[in-house]
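> Once you've had a glance at the structure underneath, I'll fire off some questions.
Readers should treat all values here as calculations from the given coordinates under stated rules, not as data from a laboratory. Nothing here was measured: the structure is a model prediction, and the numbers come from that model. Cβ coordinates were reconstructed from backbone atoms using ideal geometry, including for glycine residues, and neighbour counts include every protein chain displayed.
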Amino acid sequence: MSTTQTNNQSLNDTHRGMKIARWAAVPTLLMALLNVPAGFAGSESDVPAGVAWTATVLGLAGLIAGIALLRRVSWSVPAVAAVGALNLLGAIAAMAEGWEGAPIGLVLSVITLGLLAPAVRRP
């Protein structure tokens with residue numbers, strides 16, 4: 001295979017990976033919408049206030065990152081990956097504590113990171 005063919009194949013793989021990665025915005029935005037109200041729940045929730053407000057901030061970051069991914073902003077893939085990884089860690093901790101919503105967070109985080117995998121894969 002010539003160098004030109006290899007470069008063209010690499011570009012096609014990258015483009016295909018980004019098209020798939022853009023779908024990661026869906027679970028990211030859904031998770032963000034679920035996280036944002038956490039801090040405002042107050043004493044209604046069994047989640048400590050500090051953790052709830054951290055989830056709210058992470059939700060706002062997820063909204064920004066998800067919209068940026070849809071708009072094809074250059075920094076969006078690493079931002080969505082970071083939000084997805086932090087959501088995954090939070091979901092694992094929430095499962096250990098038995099907090100409400102942990103299974104949903106776990107599933108959405110895994111889907112997000114799975115959809116991003118083709119975009120962050122290095123040849």
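> If I filter the range 69-86 for residues that are over 12 Å from the mean Cα position of the chain (by Cα), part of a helix (DSSP H, G or I) and within 19 Å of residue 111 (Cβ to Cβ), do I get at least one hit? Spell out how you get there, then give the answer.
At the first step, the residues of the range 69-86 found to be over 12 Å from the mean Cα position of the chain (by Cα) are 70-75.
Filter once more, keeping what is part of a helix (DSSP H, G or I): 70.
Next, only the ones that are within 19 Å of residue 111 (Cβ to Cβ) stay: 70.
The answer is yes; a qualifying residue exists.
> Being surrounded by 19 or more Cβ atoms within 10 Å (Cβ to Cβ), out of contact with any Gly (no Cβ under 7 Å at 6 or more places or on another chain) and not in a loop (DSSP other than H, G, I, E, B) is true for just one of 60, 115, 106, 89. Which residue is that? Lay out the reasoning, then the answer.
Working: 60 fails: surrounded by 19 or more Cβ atoms within 10 Å (Cβ to Cβ); 106 fails: surrounded by 19 or more Cβ atoms within 10 Å (Cβ to Cβ); 89 fails: surrounded by 19 or more Cβ atoms within 10 Å (Cβ to Cβ).
Going through 60, 115, 106, 89 in turn, the sole match is 115.
> So, one more: Can you tell me which condition residue 50 does not meet? The list is (1) of a type outside the set (S, T, N, Q); (2) touching a helix residue (DSSP H, G or I) at 6+ places or on another chain (Cβ under 9 Å); (3) more than 19 Å from residue 19 (Cα to Cα); (4) part of a helix (DSSP H, G or I), and all the others hold.
If we test residue 50 against (1) of a type outside the set (S, T, N, Q); (2) touching a helix residue (DSSP H, G or I) at 6+ places or on another chain (Cβ under 9 Å); (3) more than 19 Å from residue 19 (Cα to Cα); (4) part of a helix (DSSP H, G or I), just (2) comes out false.
> Taking the range 39-57 as the region of interest, how many residues are surrounded by 13 or more Cβ atoms within 10 Å (Cβ to Cβ) and either under 16 Å from residue 88 (Cα atoms) or of a type in the set (S, T, N, Q) (or both)? Walk me through it before giving the result.
So the first thing to find is which residues in the range 39-57 are surrounded by 13 or more Cβ atoms within 10 Å (Cβ to Cβ), and the list is 39, 41, 45, 47, 49, 51-57.
Filter once more, keeping what is either under 16 Å from residue 88 (Cα atoms) or of a type in the set (S, T, N, Q) (or both): 45, 51-52, 54-57.
Count: 7.
> Now for a separate question. Could you please give the count of residues in the range 92-101 that are assigned to a helix (DSSP H, G or I) and acidic (Asp, Glu)?
Step one: list which residues in the range 92-101 are assigned to a helix (DSSP H, G or I), which gives 92-97.
Restricting the remaining residues to those that are acidic (Asp, Glu) gives 97.
Number satisfying all stated conditions: 1.
> Is it the case, given these coordinates, that residue 42 is farther than 19 Å from residue 102 by Cβ and out of contact with any Leu (no Cβ under 8 Å at 6 or more places or on another chain)?
yes
> Hey, another quick one. Residue 83 passes all but one of (1) touching a residue at least 40 places away in the same chain (Cβ under 8 Å); (2) out of contact with any Leu (no Cβ under 9 Å at 6 or more places or on another chain); (3) under 13 Å from residue 30 (Cβ atoms); (4) not basic (Lys, Arg); which number fails?
So the condition that residue 83 fails would be (2).
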